[in-house]
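One structure is given below, encoded as structure tokens.
Where a number appears in this text, it was derived from the coordinates with a stated rule and is not lab data. These numbers were taken from a predicted model, which means no experiment stands behind them. Quick reminder, even Gly has a Cβ in these numbers, built from the backbone with ideal geometry, and neighbours come from all protein chains shown.
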Amino acid sequence: MKRIAGLLIFIVSFYACSDVKPPEPFGPLPSERQIAWHDMEYYMFVHFTVNTFTDKEWGYGDEKESVFNPSEIDCRQWARVAKDAGMKGIIITAKHHDGFCLWPSQFTEHSVKNSIWKDGKGDVLKELRLACDEYGLKLGVYLSPWDRNSSFYGTPEYLTYYRSQLKELLTKYGDVFEVWFDGANGGDGYYGGAREKRKIDNKTFYDWPNTHKIVRELQPSAVMFSDAGPDIRWVGNESGMGSLTNWSLLNKDEMYPGGDFAKILGEGHADGKYWVPAEVDVSIRPGWFYHQTQDSLVRTPENLMELYYSSVGRNSNLLLNVPPDRRGLLHENDVRSLLSFRELLNKEFETDLGQGKKVTATSIRGKGYEASNVNDSNPETYWATKDSQTTGDIIIDLGAETEVNRVLIQEYIKLGQRIEEFKVSAFAGGEWKPIIDGTTIGHKVIRRFPVIKASMIKITVSKSKACPVISNIEFYRAPGL
Ligand code: FUL
């Protein structure tokens, strides 16, 4: 009897010992709405307003509402193309700097309700909402803070006006995944006929915290974008370039939309107090709005691939602008390029060569945190080391000499962004050869390198703020060199 009791105690204590605790979260963490946003990765920006018909980039605010008259508008086409292109949502300029509203706002006359389009009964937001639902896409809204039409602009009444419009957008069109607050302001405008320059203090005029509260209250799952968050930050340029070192962390307290922070916004702050990841916004054409003269200047599929690597491949999301033309359709050239890019992307990441292959690590935290978690297709499992260890190697045995030229790595960001430096090397010709030196990882890093024939690949975490936590590693042999 005693023997059996002893054995039982042994078994119980053995399993108790192997119950290894997960790493404590480190530093600022993403909220649930930010995690959902990270997973979206690639979505469409739609710039469409009176500018489309006046051939401008920044409308003055004095255009007649009658100029807005798309002859064949079809939001279902936008959504179909976005879906086929692999995008997860659409963000529309509900109101750009000209103040013209694409929905029949009750707070202004400068909107679709006074256009001849559909006899003033049309509502682009409504049509887009239905189209997004049909194609399983999320909807986001851009509401320009700078309004060159409103006579209130520059006065305290403007805030009431702006917030009333925001409330309309956030209550009448279903779930919104992102609200885009632009920092631009060029001073002069029509301003209800005043035709003058109105300068505002970007830092104080908009009283952002109280506007943010409205979004949180009406759309708790929506992330808010601006130069300085609160949830998502601008990447600091409009050329599609995410930063190689890219912390999803930011000391945003001293920052505000329209401030001079472009340099900081690229890299973020390694010691940032808040989780505020970067979004890369860029247009498929030179302009944000459609101009016929730019029909031959649409980015090629190859160029879009470059953008993908310099955004999604660098721990950022890609918000790609595709402006509808005067018919209200995405132009044939843009559609062709987008769909060919999607094909290229499919070929680029066709077969994960590391999937299910044998993985070992120099050390593991314990049971449940094995190296094999990085190629099990489960984003919720991860490799982790003991708390005292902030470096380590993971080796993926490809089984045979295999050509490789891409690597994709993801941290388990629910526990924070930790890794500061990593390396990738390949076992080729009987020795380890260095391929890549990297810094941050975060949600996702994808790196290209010349084809190498390797039997094993090693990922070395050489510097990390806390024990590394990696959820996913993939390898590819993309076409070309
Ligand atoms: C900028 C605006 O001034 C451009 O017109 C465009 O909307 C771009 C996305 O943001 O700040």
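What the table shows:
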| quantity | calculated |
| --- | --- |
| Where the Cα pairs of region 70-177 fall when distances are cut into 5 Å bins, in % | 2, 12, 22, 22, 19, 13, 6, 3, 1 |
| Region 142-231: Lys pairs at Cα distance under 25 angstrom, eight or more positions apart or on different chains | 4 |
| Shape category assigned to region 203-297 from the gyration tensor of Cα positions, a/c cut at 1.5 | oblate |
| Under 5 Å, built H, 5+ apart or other chain: amide partners of Gly229 | Trp234 |
| Options Val280, Pro25, Tyr290, ranked by Cα towards positive dipole end of the chain, top entry (Cβ charges) | Pro25 |
| Degrees between helix 124-135 axis and first principal axis of the chain (Cα, 0 to 90, nearest 10) | 30 |
| Antiparallel %, DSSP beta bridges [both residues in region 32-348], to 5 | 15 |
| Kirkwood Rh (inverse of mean 1/r, distinct Cα pairs), region 328-374, angstrom | 14.4 |
| Of the GluC sites (Glu not before Pro) in region 228-324, those whose Cβ has at most 15 other Cβ within 10 Å and which sit in DSSP loop | Glu238, Glu254 |
| Whichever aspartates and glutamates have a C-alpha closer than 14 Å to that of Lys414, once near sequence neighbours (fewer than 8 apart) are set aside | Glu24, Glu32, Asp39, Glu380 |
| GluC sites (Glu not before Pro) restricted to region 30-117 and DSSP loop, no more than 11 other C-beta within 10 Å | Glu72, Glu109 |
| Compactness of region 437-481 - radius of gyration and Dmax, Cα, Å | 12.5, 38 |
| Computed over region 358-476, the ratio Rg/Rh where both radii use C-alpha atoms and Rh is Kirkwood | 0.94 |
| Test item: Cα-centred dipole of region 32-348, Lys/Arg +1 and Asp/Glu -1 on Cβ, debye | 380 |
| Unsatisfied cross-links (Cα-Cα over 24 Å) in the set Lys83/Lys444; Lys386/Lys458; Lys83/Lys126; Lys83/Lys423; Lys88/Lys444 | Lys83/Lys423 |
| At 1.002 mPa s and 20 °C, Stokes D of region 32-348 from Kirkwood alpha-carbon radius, µm² per second | 109 |
| Straight-distance crosslink candidates among aspartates and glutamates, where the alpha carbon sits under 17 Å from Lys263 and sequence neighbours closer than 8 are dropped | Asp227, Glu238, Asp253, Glu254, Asp271, Glu279, Asp281 |
| Residue order, fewest to most beta carbons within 10 Å, for Ser462, Ser31 | Ser31, Ser462 |
| Helix-only CD estimate at 222 nm, as mean residue ellipticity for the chain, using -39500 (n - 2.57) per DSSP H run (n ≥ 4) | -7000 deg cm²/dmol |
